[in-house]
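Heads up, the thing below is written out as structure tokens.
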Amino acid sequence: MTQETGGFAALDLHPNVLAAVIATGYEEPSAIQIQAIPVILAGHDMIGQAQTGTGKTAAFALPILSRIDPAKRQPQALILAPTRELALQVATAFETYAKQMPGVSVIAVYGGAPMGPQLKAIRNGAQIVVATPGRLVDHLRRDEKVLSTIQHLVLDEADEMLKLGFMDDLEVIFKAMPESRQSVLFSATLPHSIRSIAEKHLRDPKHVKIETKTQTVTAIEQVHLMVHADQKHAAVLRLLEVEEFDALIGFVRTKQATLDLAAALEAKGYKAAALNGDIAQNQRERVIDSLKDGRLDIVIATDVAARGLDVPRITHVMNVDMPYDPESYVHRIGRTGRAGRTGRALLLVTPRERRMLQVIERVTGQKVGEVKLPDAKQVLDARIKKLTNSLAPLVADAEASHGDLLDRLTADIGCSPRALAAALLRKATNGQALTLAEVERDQPLVPNSGAPRERSERSDRPERPDRDGSRERRAPVPLAEGRARCRTALGARDGIAAKNLLGAILNEGGLVREAIGRIQVRESFSLVELPEEGLERLLTKLKDTRVGGKPLKLRRYRED
């Protein structure tokens, strides 16, 4: 099919938008794009059901850009996203597809950044506004007419928005826009809450649904290991002792985690390096080249940094941190098992991530079997096997070439051949005795699967106040190491639930879920456990955050 008669050219996109798409190198639209683009171009309201990774961003960005009037310096399209990271990702996509549309401006509106420049960009006529609900509501309080010219609305990952407690904010936003607007809703699932929004705010919407197909490669052996979050490094070191790999890529969620784990591996003698978004392109190329030619055996990377990584010698992928969605998991493990070769994918799962494991299995249509953490004997056997494999090729002609030297050394030293061999083994193993006792000292055991679910794993559940109010006066539970307790005056009487606080802090603070500890909602206040490191900087980012229309005003909680 040629570009002139099919592909994106057949979708009636604006010529400048089509040119930008072709410039990116995309040739054929995905299933969601084929179905959704004509519906949105025709001006219909739409409900799109599709998972992340199916190309849904382009499915709404391309037709909306095709309907934008660059001559009108006013907001024309609003895209709502549940998190700052997704908002930035969507805004970047719009900028890419609008490169050949002079006069079209895109602004990302999210918490943690100054409000003034954001509001100024909207007032100056940015036609595309990509926003998180909480921050957009803050702008509406300053200027209630800021959305009065919106003609196109997209709710991206609507189910996630509701999970994060943005329902009230969404209602405020709906009321601030013209009723004549076109509304498009994308969601991976369609629970009752999403259907209610559609019935109330969409006009005779068209339905587009893309079934997720199994995408994993059958040549990849997939297994998971249950482990608590604070024991991941120990688990990784123990797994690497017994896994027979040529090259391995390990995935973590944060840039700092790539540096920390790579450093821990280097300290144990592995040829390892970090790969993240802060690494310059020339250094990234050196890391990849080193992995290809064997100067490196392990790379610890973030999802973004590993995009486009294709190294044939990668035999193992280790998901040290759980991916955010099934599609990311598929992309990660696809780094191995290529070109007909076999591969092995390992996934570390914390107790609170059991549900995501089930989602991955359901979406991929494949079972991810469970393995136990290797015990000390398995590690010892693996070490001896590696030593055996390294020495075996040398034995064949060793006596002929070095027999005379052996006789002279034993005579000069005055020892038996056995004693000399033992001394050489000690040198070859860097002093390791290769005993069970040494393995247990060097690689402390961490719990296997079936470990009891800790109370901290339920930190997103609110405290239920006692009828007599005694819970209000009860002392807080002890803090975990590395955490600080913060207080907000918002509580149950304000209609606040733990999920509301969790969603606001994740969205506006730019944290991952695991960074937030126990959340206790009391009648007249709430307590939240946050990372001690960088706390003041985080509280500064959250100073303008509102929950349920009321200021969060988190402060460090001093326990007297």
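The values are calculated or read from the model by the stated rules, or taken from the named source; none is laboratory data. Predicted model only: the values in this text are computed from it and were never measured. Every residue, glycine among them, receives a Cβ derived from its backbone with ideal geometry; neighbour counts consider all protein chains shown.
Go through the range 173-208 and count every residue that is among the hydrophobic types (A, V, I, L, M, F, W, C) and in contact with a His (Cβ under 8 Å, 6 or more places away or on another chain).
Let us first name the residues in the range 173-208 that are among the hydrophobic types (A, V, I, L, M, F, W, C), namely 173-174, 176-177, 184-186, 188, 190, 194, 197-198, 202, 208.
Those left that are additionally in contact with a His (Cβ under 8 Å, 6 or more places away or on another chain): 174, 184.
Residues flagged as among the hydrophobic types (A, V, I, L, M, F, W, C) and in contact with a His (Cβ under 8 Å, 6 or more places away or on another chain) within the range 173-208 amount to 2.
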Pick from the range 319-377, criterion within 18 Å of residue 245 (Cβ to Cβ) and polar (S, T, N, Q), ranking: modelled with the lowest pLDDT: 342
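With 235, 257, 263 as the choices, which residue is in a helix (DSSP H, G or I) and surrounded by fewer than 18 Cβ atoms within 10 Å (Cβ to Cβ)?
Numbers: 235 fails: surrounded by fewer than 18 Cβ atoms within 10 Å (Cβ to Cβ); 257 fails: surrounded by fewer than 18 Cβ atoms within 10 Å (Cβ to Cβ).
After applying the criteria, what remains is 263.
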Selected residue (only one of 104, 130 is closer than 22 Å to residue 56 by Cβ and more than 30 Å from the chain's Cα centre (by Cα)): 104
Residue selected from the range 1-37 under the condition crowded, with 20+ Cβ neighbours inside 10 Å and part of a loop (DSSP other than H, G, I, E, B), by the criterion modelled with the lowest pLDDT: 29
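If I go through the range 244-254 residue by residue, how many of them are of a type in the set (S, T, N, Q) and in a strand (DSSP E or B)? Talk me through it step by step, then tell me what you get.
First, the residues of the range 244-254 that are of a type in the set (S, T, N, Q): 254.
Those still in the list that are in a strand (DSSP E or B) too: none.
Residues in the range 244-254 being of a type in the set (S, T, N, Q) and in a strand (DSSP E or B): 0 in total.
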Residues satisfying the stated conditions in the range 38-73, i.e. more than 14 Å from residue 151 (Cβ to Cβ), assigned to a helix (DSSP H, G or I) and in contact with a Leu (Cβ under 6 Å, 6 or more places away or on another chain): 62
Residue check for residue 184: in the same structural domain as residue 197 (by TED's automatic domain parsing) and either basic (Lys, Arg) or in contact with a Gly (Cβ under 9 Å, 6 or more places away or on another chain) (or both): yes
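Would you say residue 157 is more than 24 Å from residue 551 (Cα to Cα) and modelled with pLDDT under 90? Lay out the reasoning, then the answer.
Numbers: more than 24 Å from residue 551 (Cα to Cα): yes; modelled with pLDDT under 90: yes.
In short, yes.
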The range 495-510, residues that are free of Cβ contacts under 8 Å to residues at least 60 places away in the same chain and surrounded by fewer than 19 Cβ atoms within 10 Å (Cβ to Cβ): 495
Any hit, the range 525-532, residues being more than 28 Å from residue 173 (Cα to Cα), modelled with pLDDT of 85 or more, buried (at least 18 other Cβ atoms within 10 Å of the Cβ) and not hydrophobic (A, V, I, L, M, F, W, C): yes
